[in-house]
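Heads up, the thing below is written out as structure tokens.
The values are calculated or read from the model by the stated rules, or taken from the named source; none is laboratory data. Because the structure is a prediction, the values reported are computed rather than measured. Every residue, glycine as well, gets a Cβ built from its backbone with ideal geometry; the counts of neighbours run over all protein chains shown. For the accessible areas, the whole protein counts, side chains as well, though only heavy atoms, and no ligand, DNA or RNA atoms are used. Shrake-Rupley method; radii C 1.70, N 1.55, O 1.52, S 1.80 Å.
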Amino acid sequence: MALFRKKEIATNEFNQVIVGTSLTKEAWKRLKKNKLAVVGGVIVIIYTLIALCASLLPIYPYDEAITVHRNLRPSLTKTAGDLMLEQEMKNLFFQAWRQGRLELSDEEDAQIEAWVMESKTNQVWDLVYARGMEALEAGSFEWNSSEQSRIDRMLNNIETETQITIDKVSVVYEGKTMNIEDMSYEELRGLYASLLGVDENTLEESLVNEVRSAVSNELRSKDSTLSGEDLDSSVEMEMDALGEDGIHDRASTNIIGYIEQIAQRSANSDIQAMIDSGSMTFPYEGTFDLSNGLHVELEVTKMHERRYIFGTDYLGRDLLSRIIYGSQVSIAVGIVGTVTSIFIGILVGSLAGYLGGKVDYYLMRFVDIMYGLPYMLLVIICMAIFGRQIVNLFFALALVSWLTIARMVRGQIMSLKNQEYVEAARSMGAGTMHIIFKHMIPNSLSIIIVYSTIRIPAFIMQESFLSFLGLGVQAPYASWGSLIGDAVSSMALYPYKLIIPSIVMVIFLFSMNFLGDGLRDAFDPQTKNQL
Amino acid sequence: MSSFKDANVLLEVKDLRTHFKTDNGILKAVDGVSFTVHEGETVGLVGESGCGKSVTNLSIMRLVPSPPGKIVGGEVLYRGTDIMKLSEKELRNIRGNKISMIFQDPMTSLNPYLRISTQMIETIRLHQNMTKQEARERAITMLKLVGIPSAESRIDCYPHQFSGGMRQRVMIAMALSCNADLLIADEPTTALDVTIQAQILELIKKITEQLKTAVILITHDLGVVAGMCDKVCVMYAGRIVESALTDDLYASPAHPYTKGLIASVPKMDGNREERLFSIEGQPPNVIDLPPCCPFHPRCNRTCEVCRHAYPPVKQVGEDHYVACWLACSEEERKGALEGAENNGK
Amino acid sequence: MENKEVILSVKNLRQHFPIDGGGLFKKTIGYIRAVDGISFDVYKGETVGIVGESGCGKSTTVRSIAQLYKPTTGQVIFHGVDLCTADKDTLLKERRNIQMIFQDPYASLDPRMTVRNIILEPLRIYNKRNLLDKNYTEEELDEKVKDLMEKVGINKAFVNRYPHEFSGGQRQRIGIARALALNPEIILADEPVSALDVSIQAQILNLISDIQKEMGVTFIFIAHDLGVIQHISHRVIVMYLGKIMEISSSDELYSNPLHPYTQALLSAAPIPDPKLERTRQRIVLEGDVPSPDKERHCCYFYDRCSKRMDKCACAVPPMFDCGNNHHVACFLYDDKPVAEPADDTPTEGELKLRKKTENKAEN
């Protein structure tokens, strides 16, 4: 209605135009005046957009682990290869110093000894690296042959090692070019059988067996006590539950993986030939028509030319990408948790507040009892019972966090209940639901909105806390909390792994709080300076 | 009624202006108010809600919340010294000591967590050099004066143990405990019932006569004014539109607003079948008023000049002043109209 | 008024609110006797004024009539139906003809609704349940809103404005438009002008009498201002502490008040005429209105009455008929015939409470 309101010009008795405003409009006006809240709001929006568009951003996959890129420090200018080399040389210089080949002043020796005692590895490395490079340039130090060969090998690797990413594999099948991912199970099976040159029935059997053993592994990982007949029977039950379609779906996924492997193996020789002949420029994108009838579109990049501006973690995964994907989880927990708890809270709170009497009494005693329980323990128990999945995390958090909202809504509704306009509505014969939905909730909405903006950071903190303890999201997924949790163990050696996610999180929480504060001041200006 | 012309001038308000800054513009809550209070005189400030009567009284005590409010001009002379120019310390010496206030809501103007005795003794000792015991005795005398039964024991009660009327009595006792010269009563009986209102008004009248205190009585009730005041100022949209001795004002109101106001009170002896006289329209919003008589849209005797210029204050009788173009001569109106038109161009 | 049709009849209405004690289990430890046994009739087309100090139960009376509270005992008979015992559907159907106007024009309109939605709310509620003479379409409702706004004198251009953009008087007009939306037979006006300024008050009073003349609506009008009551009502009920002290026609009451309370009330009201004010003798009542939380077996006004007699402390005075339809509950007039006996039988809740305390005393 309000959107399509006609523009009308009304004047007062002094011929001055009166412009209509609603309470919401005025609140918006007040919010816009609050600079801090606006900045907070903008930052929150940017975060949310980045989290939403994570898959479209030009970042490395968050779960792609490159072992040789472990623990690289963040750098804007240096590539992964440079950093690897630097790290290697730091190690070598240190060994050389130990062996006495790299000579430093006595003070520096003493300093390094002290640092080693305090396990300040980074300082030691930096110092020997700086001195070592000086010495190398001055000619007073030379690598011995084994060290030289290690460095050469590494340089060579950095120069040549490539990474092949397969974008699409297609095949001419019954006269049509088809992407293998669009093919049905039967078609895939036929294709795979012909590629391997085996009988389709034998293949079918081995595929089903593969799925069965996968299922069996899953079951055993869930419950390690299962064995023997128990295990067999549960596997059979699980297989029955999957049904033929389910089994075929899983088998198809497996086949696609195999075919991609075959395609990559076949293309490898061609790529190697191109690299050797020097006709390949990086990054290279191209299509290879393979002898076995497969067409593969792939991308070849130099593995060590990657840049990690936020560094990498202990498995060689890009921290930037993990933080972005982690923010997806963290922000989602904040929003979903708040929304769910608000729904439950409004329902319980408004019923208790409006109906009053016995209903109110029992609902509120229930809330009191829930308050009495240690809620983190509840969440942990929930996570333990229902499994450590993100959905369960949402569920567990929402389950224990509607209490405050319910109380708040109840209080609000109780004060609104005695307002004359509610009495007026009752005197017109309005029903309970009409009054709750038409009068009470719209009038308490502003407070609910304000409260929920303040709640979101609390949820993010709780999720981080759980993830930090290792009860939250599970690998390969990340959240801010789990990133920080992972970083704690190597805090002294790689402080950036702790500091960067923390800063990212703190900025978001600050912005959210400023926004919440601004909203509160905007929606009820009277309570300003009070809370 | 005796005139206070010969008495000393106690308080003189000259062209007082208090403006509030709001989101929508400057709100001229008080826009050039002048009046005088003589010793022992009771002056009524009458007007509808939002006409600036309460802000006038807060401005006199320099209690306007700032921001958003600001006293932008004018003088308030208390026995010849300008309150607007006093330091905060000198001001505190006057507040509560020489000029004291009672407010509309007796429920909120007492601290609910402190005993009456604590609050009263504190106030008295703040302004007068007394020991605790003397101050307590003084407080009890004051409570007795305002008619609180068994004051000796009730002085140690908490405010919630008193009823609304009793609380207002306590407020009056507190206000007068330092021998103030001037009592500003801001709608002292609006929150009370008729029978209690009668008690309180009777009390204020008796006690101020006894202590020779001057009173500024702020109210919207013309009935209260009629019984209490020696002189009345009628306010509209931040200005005083008419001021006169009470008898004169009721007998021959000069401003159409005053006339309307008196006529629109339903009288108990009135004829029920008659329609009440009513001033049509709504009181104006005092933000960004154009230069005109703010009452003209509701006035039943509007002329052209009312739309273009604010009327000057004219004397129409002894101590009877009015700000209305009707009281002006034809030439003055013409002159003002031309002046306004020239300004417009 | 005798030949007029009785439209609403209140019989021995009591409204007691339980006082909850503290503790884990909320126990009722007493009752606030807001309205304590009142009876009166309302005739079609008249205005009945109810006057009294705050806490005398006048607001509770109209709210009980509107069934906002379930009365403790008593009957409210409207169109031959006892609203207190009527089932939900009948109540809804009958309540259409009883609408209310509230005291505070700032609190009685939902700040999040536009004027249009506020005025339409009762119509929508009844339209949805098909309780109106026909089903209104949105356009017809629009038409209706415009009509109502015109009737109460609000610029039709403001239809989509929010209440906070209006001044008190205009808001009260919106409240009146809402009450008129269903074409009710009775409007219960709970102090509709006491929050308004004098000049606006006169506008609203005129509007109400215009509406009454035009539509023939019956009003029950509450005010604490005696002048307002005198101006607007045909008959006046004076209440004190949940009891009716005096019922009479307006002219009769003001020219010849019989009850000492009415006399005190009339003399306490300030009159905007300085000469009259100075000369007249005021009866200033001592003390405050006592708290209505205990049972009384004496005249309810006994504590503050200037003419109290020993008799007054012993029994609740019945209504004496002083002729000319002037009834008064005061033993000063016990030579007159009794119009209606006093009834101070305790309510069920109180009997229970009494029993409990007796048991406790025995133990």
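Out of C:Ile19, C:Ile220, C:Ile77, any idea which swings most in a Gaussian network model of chain C, alpha carbons joined below 10 Å?
Ranking C:Ile19, C:Ile220, C:Ile77 by mean-square fluctuation puts C:Ile19 first.
Run down the lysines and flag those whose C-alpha is under 22 Å from the C-alpha of A:Lys168, throwing out any fewer than 8 positions away in its chain.
Qualifying lysines at Cα under 22 Å: A:Lys176, A:Lys302.
Please tell me the relative contact order of chain C in percent, rounded to the nearest whole number, where contacts are Cα pairs under 8 Å and at least six residues apart.
Working: 626 pairs, mean separation 69.0, N = 363.
Worked out over chain C, it gives 19 percent.
Summarise the partner chain shielding of B:192-204 as one whole number: the mean count of Cβ atoms from other chains within 10 Å of each residue's Cβ.
Partner Cβ neighbours, averaged per residue: 6.
Could you compute the FRET efficiency for B:Gln161 and A:Asp182, with r as their C-beta to C-beta distance and R0 at 60 Å, rounded to 0.05? Mind showing how you got there, number by number?
On the way: r = 85 Å, r/R0 = 1.41.
Computed FRET efficiency for B:Gln161 and A:Asp182 comes out at 0.10.
Are there residues in the stretch A:411-432 whose accessible area shrinks by at least 30 Å² when all protein chains are included rather than the chain by itself, and which are they (probe 1.4 Å, ligands and nucleic acids not counted)?
A:Glu420, A:Tyr421, A:Glu423, A:Ala424, A:Arg426, A:Ser427, A:Met428, A:Gly429
Name the long-range amide H neighbours of C:Met319: under 5 Å, sequence gap of 5 or more, or other chain; modelled H, no Pro or chain starts.
C:Ala339, C:Glu340, C:Ala342
Hey, can you grab everything whose amide H is under 5 Å from the amide H of C:Ile7? Only 5+ residues off in sequence or another chain; H modelled, so Pro and N-termini drop out.
Result for C:Ile7 returns C:Val42, C:Tyr43, C:Lys44.
With each label point set 7 Å from Cα along the Cα-Cβ vector, what nm distance links B:Thr141 and B:Leu114?
2.2
Show A:Ser216, C:Ser194, A:Ser221 ordered by accessible area, largest first, where the area counts protein heavy atoms only and the probe is 1.4 Å.
A:Ser221, C:Ser194, A:Ser216
Just the accessible area for C:Glu143, please: 1.4 Å probe, Å², rounded to the nearest 10?
For C:Glu143, solvent-accessible area is about 110 Å².
Tell me, in nm to one decimal, what length is gained between A:Ser291 and A:Ile380 on full extension, where the rule is 0.36 nm per residue of separation less the Cα-Cα distance? It would help to have the intermediate numbers written out before the result.
Working: separation 89, 0.36 × 89 = 32.04 nm, distance 5.53 nm.
Contour length minus Cα-Cα distance gives 26.5 nm.
For the stretch A:358-414, which trypsin sites (Lys or Arg not before Pro) pass both filters: DSSP loop (anything but H, G, I, E, B) and at most 16 other C-beta atoms within 10 Å?
On the way: sites: A:Lys358, A:Arg365, A:Arg388, A:Arg407, A:Arg410; in loops: A:Arg388.
Sites meeting the loop and neighbour criteria: A:Arg388.
With charges set only on the Cβ (+1 for Lys and Arg, -1 for Asp and Glu), what does the dipole of the stretch A:130-242 come to about its Cα centre, in debye to the nearest 20?
Using Cβ point charges on Lys, Arg, Asp and Glu, the stretch A:130-242 gives about 560 debye.
Taking every DSSP beta bridge with both residues inside chain C, roughly what % is antiparallel (nearest 5)? If you can, show how the numbers build up before the last one.
Working: 31 of 49 bridges.
Bridges in chain C that DSSP calls antiparallel: roughly 65 percent.
Averaged across B:275-287, how many Cβ atoms of other chains sit within 10 Å of each residue's Cβ atom?
Details: counts 6, 11, 3, 10, 6, 7, 7, 11, 6, 5, 5, 0, 1.
Averaged over the peptide's residues, the number is 6.
With a cut-off of at most 11 other beta carbons within 10 Å, and DSSP calling the residue loop, which chymotrypsin sites (Phe, Trp or Tyr not before Pro) in the stretch B:77-116 qualify? Please list them.
Filter output for the stretch B:77-116: B:Tyr113.
Between the DSSP loop rule and a limit of at most 16 other Cβ atoms within 10 Å, which trypsin sites (Lys or Arg not before Pro) in the stretch C:1-95 are left? Present the calculation step by step, with values, prior to reporting the outcome.
Values: sites: C:Lys4, C:Lys11, C:Arg14, C:Lys26, C:Lys27, C:Arg33, C:Lys44, C:Lys58, C:Arg63, C:Lys88, C:Lys93, C:Arg95; in loops: C:Lys4, C:Lys26, C:Lys27, C:Lys44.
Loop-located and lightly packed - C:Lys4, C:Lys26, C:Lys27, C:Lys44.
Which angle from 0 to 90°, rounded to the nearest 10, does the C-alpha axis of helix C:115-128 make with the longest principal axis of chain C?
Approximately 80 degrees, to the nearest 10.
Rounded to the nearest 20 Debye, what is the dipole magnitude of chain C about its Cα centre when Lys and Arg each give +1 and Asp and Glu each give -1 at the C-beta? Please list the in-between numbers first.
Numbers: 47 positive and 51 negative charges, 165 e Å.
So the magnitude is around 800 debye.
Hey, if you put +1 on the Cβ of every Lys and Arg and -1 on every Asp and Glu Cβ in the stretch B:137-197, which of B:Met171, B:Val194, B:Ser153 ends up farthest toward the positive end of that dipole?
B:Ser153
What distance in nm separates the two pseudo spin-label positions at A:Asp368 and A:Lys168, each 7 Å out from Cα along the beta-carbon direction?
So the two model labels end up 6.6 nm from each other.
Answer with one residue from B:Thr208, B:Thr108, B:Gly281: the one whose Cα lies farthest towards the positive end of the charge dipole of chain B, charges on Cβ with Lys, Arg +1 and Asp, Glu -1.
Of the listed residues, the answer is B:Thr108.
For the charge dipole of chain C, defined by +1 on Lys and Arg C-beta atoms and -1 on Asp and Glu C-beta atoms about the Cα centroid, which residue among C:Met239, C:Gly30, C:Ala202 has the Cα displaced farthest towards the positive pole?
Comparing the listed Cα positions along the dipole, C:Gly30 ranks first.
How would the stretch C:1-137 be classified by its alpha-carbon gyration tensor: rounded, prolate or oblate, with rounded meaning a/c under 1.5 and the a/b versus b/c comparison settling the rest?
In terms of gyration-tensor shape, oblate.
Is there a simple number for the mean count of other chain Cβ atoms within 10 Å of the Cβ of residues in C:156-165, and what is it? Kindly include the intermediate steps, with their values, before the conclusion.
Working: counts 2, 7, 4, 3, 7, 6, 7, 2, 4, 6.
Shielding by partners across C:156-165 averages 5.
What is the count of Lys pairs in the stretch C:59-144 whose alpha carbons sit under 23 Å apart, if the two are 8 or more places apart or on different chains?
Taking the stretch C:59-144 as the scope, the lysine pair count is 9.
How do A:His248, A:His69 rank by accessible surface area computed with a 1.4 Å probe, from largest to smallest?
A:His248, A:His69
How large is the accessible surface of A:Leu155 in square angstrom, using a 1.4 angstrom probe and rounding to the nearest 10?
Result for A:Leu155: roughly 80 Å² accessible.
Suppose every Lys and Arg Cβ carries +1 and every Asp and Glu Cβ carries -1, with no other charges. What dipole size does chain A come out with about its Cα centre, to the nearest 20 debye?
3980
Give the shape of chain B as rounded, prolate or oblate, defined through the alpha-carbon gyration tensor: a ≥ b ≥ c are the square roots of its eigenvalues, a/c under 1.5 means rounded, and otherwise the shape is prolate if a/b is larger than b/c and oblate if not.
Because a/c hits 1.5 or more and a/b exceeds b/c, chain B counts as prolate.
Helix A:80-99: angle to the longest alpha-carbon principal axis of chain A, degrees 0 to 90, nearest 10?
Result, in degrees: 60.
From the backbone phi of the stretch A:305-318, what are the Karplus-calculated ³J(HN,Hα) couplings (6.51 cos²θ - 1.76 cosθ + 1.60, θ = phi - 60°) in whole Hz, Gly and Pro given as x?
Couplings: 8, 5, 10, 10, 6, 9, x, 10, 9, 6, 10, x, 9, 5 Hz.
Which order do you get for B:Ile262, C:Ile222 if you rank them by accessible area with a 1.4 Å probe, largest at the top?
Descending order: B:Ile262, C:Ile222.
Would you calculate the separation in nanometres between label points at C:Asn130 and C:Asp210, each defined as 7 Å from the Cα along the Cα-to-beta-carbon direction?
3.8
Could you list which residues have their amide H under 5 Å from that of C:Ile32, counting only those 5 or more apart in sequence or on another chain, with H placed in the peptide plane?
Result for C:Ile32 returns C:Phe17, C:Ile19.
Would you mind checking the pairs C:Lys151/C:Lys213; B:Lys14/B:Lys212; A:Lys32/B:Lys21 and listing those with alpha carbons more than 21 angstrom apart?
Pairs exceeding the cut-off: B:Lys14/B:Lys212.
Could you work out how far helix A:200-222 tilts from the main Cα principal axis of chain A, as a 0 to 90 degree angle to the nearest 10?
That helix lies at roughly 60 degrees to the long axis.
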